[in-house]
Amino acid sequence: MVGAVTTPAPIVAVGVPFALGGWLPGRERAVAGMTTAPADLRERGFLEKIRSGIADGSRLEDAGDIPIEPALREDADRRAKNRSLIVDVLPLIRDGLAGALDGAGPDARLFLIGGDCTVHTAALAALRRKRPGARVALAWFDAHGDFNTPDTTPSGDVWGMPFAMACGRGDSDLLAACDAPTVREEDCVLVGGQMLDEEEGHQLAASRIAHFGPGMLSTAAGLAALEAWAAVVARSVDGFYIAVDHDCLDAAGGWAVAMPEPDGLSLETAVAAIGVLASAAPVLGYGATTISLSNGDAARTVDAAASLAIAAFGGRV
């Protein structure tokens, strides 16, 4: 019909106050901040900032938080910290996210607010439940690779494993808890990833996963290469899930994140990279994790996190 207007699919925000994926001795406050991040962000007007920035016609609904008890626990396991709790909790998060999407209609888009980045595996599992048969590409924004397994990890932190888990790598109980694999490696990209463990780096280099580091993406040629990759992948997939661990941003910015790292992406580069992906294929889900507002410039971080989400869901033109 000439002149018909298509209403964008609703966006459903769900908080996941979860930090069971690891432990940082001496930085307990930063870890605890991840469990309160969904509430802290709302209190600072995070969702209102996004509503004001996304395109006309988009509807952002707040489905509240998925309650998790305990939300964090210290554990010294050198292979997989809090394994039993994570195995029990990930299916509950998956079901809670899927239920929130069910209530918003068949085309609803997921907006996950974490929590540590382990929860992205549950988000991908929820999208599979919601969209059976859909092929989802995964863009993983992170200073780290998150591509360890219990056999390669130097720390035992499961929050260093979720990218590998989504791809079907790791121990069977962890994979079963998040219905893994939920993506194909040839449909995946690591953006950032300047802080890799040695064996993790070997595994990534030998995989079919694309990798665009901060230095490369700071150039016009690097963004063009990402655009070309996204265009090819978009021919085979139904859409992207974009997982943003906010420590992908260069620590020089003073960002309020649990594990700030040097030599990362500038905010401008991260926004541009997300925009490239969102222009190539629909964004079926977006996850914001590892924010800890007591560990840096909270106000600046809230604004930055909103800008990244707006880039994913479609900013005003």
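Distance between the pseudo-spin-label points of Glu43 and Ala251 (7 Å out from Cα toward the beta carbon): 2.6 nm.
Quick check on the chain: helices-only [θ] at 222 nm, where DSSP H runs of length 4 and up contribute -39,500 (n - 2.57) each and the sum goes over total residues. Nearest 500, please.
So the helix-based figure for the chain works out to -12000 deg cm²/dmol.
Taking 0.36 nm per residue of sequence separation and removing the Cα-Cα distance, the Asp95/Ala228 pair yields an extension gain of 44.4 nm. The DSSP beta bridges internal to the chain are antiparallel in roughly 5% of cases. In the assembled protein chains, Lys130 presents an accessible area of approximately 40 Å² (probe radius 1.4 Å). For segment 167-220, the list of trypsin sites (Lys or Arg not before Pro) that fall in a loop by DSSP and count at most 13 other C-beta atoms within 10 angstrom reads Arg208. As a calculated quantity, the FRET efficiency between Arg79 and Asp263 at R0 = 22 Å, using C-beta atoms, amounts to about 0.15.
When only Cα pairs below 8 angstrom with a gap of at least 6 residues are kept, segment 10-130 shows a relative contact order of 45 percent. Residues His246, His202, sorted by accessible area with the largest first, give His202, His246 [1.4 Å probe; ligands and nucleic acids excluded]. Ordering Val276, Ala288, Ala256 by Cα displacement along the dipole of segment 235-317 toward the positive end leaves Val276 in first place; charges were set at the Cβ atoms of Lys, Arg (+1) and Asp, Glu (-1). Report note on the peptides 293-299, 159-165, 34-40: ranked by the mean count of other C-beta atoms within 10 Å, highest first, their order is 159-165, 34-40, 293-299. Think of a 1.4 Å ball rolled over the protein heavy atoms: segment 58-165 then has 34 Å² of accessible area per residue. For the chain, relative contact order (Cα pairs under 8 Å, six or more residues apart, normalised by length) works out to 23 percent. Note on the chain: dipole from Cβ charges, positive end direction compared against Val183, Pro25, Ile86; the farthest Cα belongs to Val183.
Remark: segment 215-224, residue by residue, has Karplus-estimated 3J(HN,Hα) of x, 5, 6, 6, 10, 4, 5, x, 5, 5 Hz, where x stands for each Gly or Pro and the curve is 6.51 cos²θ - 1.76 cosθ + 1.60 at θ = phi - 60°.
Using the Cβ-Cβ distance between Ala220 and Arg27 with R0 = 51 Å, the FRET efficiency computed as 1/(1 + (r/R0)^6) comes to roughly 0.85. Computed about the Cα centre, the dipole magnitude for segment 143-287 is approximately 560 debye when only Lys and Arg (+1) and Asp and Glu (-1) carry charge, each at its Cβ.
In a simple Cβ point-charge model (Lys, Arg +1; Asp, Glu -1; nothing else charged), the chain has a dipole of about 840 debye relative to its Cα centre.
The values are calculated or read from the model by the stated rules, or taken from the named source; none is laboratory data. The model shown is predicted, which means the values in this text are computed figures rather than measured ones. Neighbour counts are summed over all protein chains in view; Cβ atoms, including those assigned to glycine, are modelled from backbone coordinates with ideal geometry. In case anyone asks, the SASA skips ligands and DNA or RNA and just uses the protein heavy atoms, side chains included. Shrake-Rupley method; radii C 1.70, N 1.55, O 1.52, S 1.80 Å.
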